[in-house]
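The values are calculated or read from the model by the stated rules, or taken from the named source; none is laboratory data. In this text, all values refer to a predicted model and were calculated from it rather than measured experimentally. A quick note on method: Cβ atoms are made from the backbone with ideal geometry, for glycine too, and the neighbour counts reach across all protein chains shown. Side chains are part of the model used for accessible areas, which takes the heavy atoms of the whole protein and leaves out ligands, DNA and RNA. Shrake-Rupley method; radii C 1.70, N 1.55, O 1.52, S 1.80 Å.
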Amino acid sequence: MDLLVVGSGLFGLTIAERAAAELGLRVGVVESRQHVGGNAWSSIDRDTGIEEHRYGAHIFHTSNEKVWGYVNRFTSFTDYTHHVYARHRGEVYPLPINLATINQFFHTSLGPGEARAMIEAQADLGSDANPGNLEDKAISLIGRPLYEAFIRGYTAKQWQTDPRQLPAEIITRLPVRYTYDNRYFNDTHQGMPTQGYGAWLERMATHPLIDVHLGVDFLDPNQPLSRSAAVGQVPVVYTGPIDRYFDHRFGRLGWRTVEFERQVLPVDDHQGTAVINYCDEDVAHTRVLEFKHFHPERRHRNDCTLIAREFSRFAGADDEAYYPVNTPGDRQMLDRYREAADKESRVLFGGRLGTYQYLDMHMAIGSALSRFDNVIRGWFA
Ligand code: FDA
């Protein structure tokens, strides 16, 4: 083996595929789960035949032409365009907040200029405004009425914390569109992999020079491809949690996790769209996903549908890490881990867990393509 990749998410798979296809290297991939693909993985639910995103709704979108060209080598994409709706006090509104949301919410028929003037007036906190917490910051961006309807309850549920206790820097902007455009993403390209995420991700791993070992934890010293056996012997790309690699010697980085309560319902269509956010605090879940709507082009059974209710909370030691909490304490700890990582010889830390940051799929792939060019090529030059 010439290179060992730890983790088969999009970062790890992109590095493995490039190293095998472009440099002709023999690549070992160790993956602790029983499937490749990391959190983007999906599979077909046996009972309903519906493709299920096991780790949350995934919609591919990018404006990066290099990434778009790369992913199209392994899959084509449907023309799915993502839309999200929000439920608040028994009514359903389009998101991100746009002219339709504003006019429905305020029972008005304002044009773009009038709507902008009204929201700017509502957002004006006066001269003593000093957004020290998330609530003040959000109000200074979109005004109190929209904040209270669409942001306060949802944010409190996401963070299990009153937004007045959350730091302002969690949000830098809250998009308000003064048009009726409610496409959730405005990247040049978006869509769903035609044959599903599972098929796409497996195709990336099928190169004859790539050897995948499923169900193997790199940090388990009792298995042959462990950290203690490999580091120093073979170059390693590590995409697991950076703090775990160092046995949490500087402490545990904070993450939020998401739990999914899945349910098969005996109806053709439950909510008429793929994602509805639940903004009010008296409903415990944050979102409801209905998977068949991600593929309107497929012929699905019409006697059932598969949904998942999403619940958000702080991650314990055994939970899946989904979103970095990123407090000032986390950032200080991360600096110490980064220093330690720089001292590791021929170990590259990458991906969302290895760098402790939220990455969309196109960002994970883009980052892997550039780290491949800037680091991995040099290792084998
Ligand atoms: P990922 O976490 O996918 O892969 C890491 C892999 O390493 C895992 O398979 C893990 O099992 C393995 N591993 C870890 N430690 C190991 C060890 N010690 N030994 C062996 N294996 C180990 N993006 C987007 O573009 N559109 C979207 O709609 C969404 N939606 C979305 C929803 C939710 C709820 C989340 C949390 C995230 C998204 N994303 C997204 C982001 C997307 O999931 C993300 O970009 C990719 O998962 C990043 O891929 P990585 O390879 O970095 O990590």
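Summary of computed values
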| item | result |
| --- | --- |
| Output for the range 237-251, where each listed residue is more than 9 Å from the ligand (Cβ to nearest atom) and surrounded by 14 or more Cβ atoms within 10 Å (Cβ to Cβ) | V237, I242, D243, F246, H248, F250 |
| Filter pass, M363 being out of contact with any strand residue (DSSP E or B) (no Cβ under 7 Å at 6 or more places or on another chain), open to solvent by 30 Å² or more (accessible area, probe 1.4 Å) and near the ligand (Cβ under 8 Å from one of its atoms) | yes |
| Residues of the range 50-64 satisfying the condition of being open to solvent by 40 Å² or more (accessible area, probe 1.4 Å) and away from the ligand (no atom under 14 Å from the Cβ) | none |
| Positions within the range 261-276 being in contact (Cβ under 8 Å) with a residue 60 or more places away in the chain and surrounded by fewer than 18 Cβ atoms within 10 Å (Cβ to Cβ), in sequence order | R262, V264, T273 |
| Only one of G196, G215 that is over 30 Å from A123 (Cβ atoms) and open to solvent by less than 30 Å² (accessible area, probe 1.4 Å) | G196 |
| Matching option when the condition is open to solvent by less than 30 Å² (accessible area, probe 1.4 Å) and more than 14 Å from the ligand (Cβ to nearest atom), among V234, V258 | V234 |
| Those helices (runs of 4 or more DSSP H) lying entirely in the range 141-248 with at least 1 residues of a type in the set (A, V, I, L, M) and more than 30 Å from G378 (Cβ to Cβ) | 152-159, 197-204 |
| In the range 277-306, the residues that are buried (at least 21 other Cβ atoms within 10 Å of the Cβ), closer than 27 Å to T161 by Cα and aliphatic (A, V, I, L, M) | V288, L289 |
| Every residue from the range 278-333 that is under 28 Å from G251 (Cβ atoms) and among the aliphatic types (A, V, I, L, M) | A315, A317, A321, V325, M333 |
| Residue match in the range 204-212 (condition: under 24 Å from the mean Cα position of the chain (by Cα) and surrounded by fewer than 17 Cβ atoms within 10 Å (Cβ to Cβ)) | no |
| Of all residues making up the range 4-49, the number that are near the ligand (Cβ under 10 Å from one of its atoms) and not aromatic (F, W, Y) | 22 |
| Index of the failed condition, P145 passing every other in (1) away from the ligand (no atom under 16 Å from the Cβ); (2) surrounded by 18 or more Cβ atoms within 10 Å (Cβ to Cβ) | (2) |
| Of the criteria (1) at pLDDT below 90; (2) closer than 22 Å to A284 by Cα; (3) surrounded by 15 or more Cβ atoms within 10 Å (Cβ to Cβ), which one A168 fails | (2) |
| Flag for A199 being within 30 Å of F74 (Cβ to Cβ) and either touching a Gly at 6+ places or on another chain (Cβ under 6 Å) or of a type in the set (G, A, S) (or both) | yes |
| Considering residues of the range 65-85 that are touching a Phe, Trp or Tyr at 6+ places or on another chain (Cβ under 9 Å) and within 12 Å of the ligand (Cβ to nearest atom) only, the residue most open to solvent (accessible area, probe 1.4 Å) | Y80 |
| Counted residues, the range 181-193 - those being more than 15 Å from H83 (Cα to Cα) and either polar (S, T, N, Q) or open to solvent by 30 Å² or more (accessible area, probe 1.4 Å) (or both) | 1 |
